[in-house]
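Every read-out reported here was derived from the displayed coordinates using simple, explicitly stated rules and does not represent laboratory data. Only a predicted model underlies this, so the values are computations on that prediction, with no experimental measurement involved. Positions of Cβ are generated from backbone atoms using ideal geometry, with glycine treated the same way; all protein chains shown enter the neighbour counts.
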Amino acid sequence: MSQENTEEVKMLEAQIECLQAEVEALQRKQKDHHKDLAFHFKGQMHDALLYLCGQRQGEGTKVLSKLKEEVEKLEEDLKRQTELNHISLDCCTRKTLQSSGRKLVQQLCMSGHCSKLFFQVEFQLSEVREGDRSERSITDLNVVLDATDLQRFSSFLSGVEESRDLLLFFRTLRTFSDRCNDRCRTFQHFQEKYPAVVSLPGGCKSEIMTLNHPKLPGCSLFVHWSVEVSKEGVVTPNIDLLTKIPERAQQLFPFQAVGGTAESFHSLLRILGPEAALESVIRAVSLT
């Protein structure tokens, strides 16, 4: 064999060795991936995944039937949880960033809505296994919220991303949504009950309700109902009553007649609560 042919054979052998090493690496990666899948699920789902991955012998029809039952149970549980917490997940993706014998790092992205508030949450989930125990931690949390009242959430979202407290985020999101729905229902109720007095320039989902008497043009009362969110996740409704009196009317009548309106309204709020206090003001305007 010539020297040229010998060198060519050696080069081909080296390429074959590289390909064999690459195939072995891919096989190990596939095996680890199957192990990860089996680790995350238990019971019937665990058996079905092992069967589908070719690691367990048995009747395929029986295993797939069990898998279908497990999926139906999970769907029922998800529906029940959605009804309880009012949070619906529209999409959830997961990408494995690192997988070894004892550590698993995944990038998760979830998007969904709570009532009319749409959100997207991205974070890294690290899981370290020690025997039968495992410890999980969240890093690189990023929260995006699509809401008209986003300025009220800015400090809270920053705090959540720093503390990586997803439970606090979802709990506060639901509470905020519930308080906004309370405001919407209250505004809509009074507009339907007192159409001659109550108007909603921005719709029932806005923060403003206007009170006008047909025989007193230019004189208006404005109910400003905001929902504040602190950095710690405390949700607080804040209701104020503002007045708009024409300059001519202020000259004809003493300012003291309307000067204490806001303070009196806050006293009503403390005693009667939002709905009863607002109805008292609306009835007073309608009877003027």
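For every other residue with a beta carbon closer than 13 angstrom to the beta carbon of Leu141, add +1 if it is Lys or Arg and -1 if Asp or Glu, then tell me the sum.
-4
For the peptides 87-97, 164-174, 196-206, the ranking by packing is 164-174, 196-206, 87-97, with the highest mean count of neighbouring Cβ atoms within 10 Å listed first. Where Lys and Arg each count +1 and Asp and Glu each count -1, what net charge lies around Gln120 among other residues with Cβ under 10 Å from its Cβ? In short, -3.
The convex hull of the Cα atoms of the range 177-286, projected and averaged over all directions, covers 7.6 nm².
The packing ranking of peptides 130-136, 155-161, highest mean first, is 155-161, 130-136, where packing means the average number of other beta carbon atoms within 10 angstrom of each residue.
Using only alpha-carbon positions, what ratio does the radius of gyration of the range 112-211 give when scaled by 2.2 N^0.38 Å?
Details: Rg = 19.2 Å, N = 100, 2.2 N^0.38 = 12.7 Å.
Relative to the rule-of-thumb radius for its length, the range 112-211 sits at 1.52.
Between beta-carbons, use under 13 Å as the cut-off and find the net charge around Met209, counting Lys and Arg +1, Asp and Glu -1. If you can, show how the numbers build up before the last one.
Values: positive: Arg183, Arg185, Lys193, Lys205; negative: Glu192, Glu207, Asp240, Glu275, Glu279.
My count for the surroundings of Met209 gives -1.
Hey, can you rank 175-187, 263-275 by average C-beta count inside 10 Å, highest first? Don't skip to the end; give the middle numbers.
Working: 175-187: 18.4, 263-275: 13.0.
The densest-packed peptide leads the list: 175-187, 263-275.
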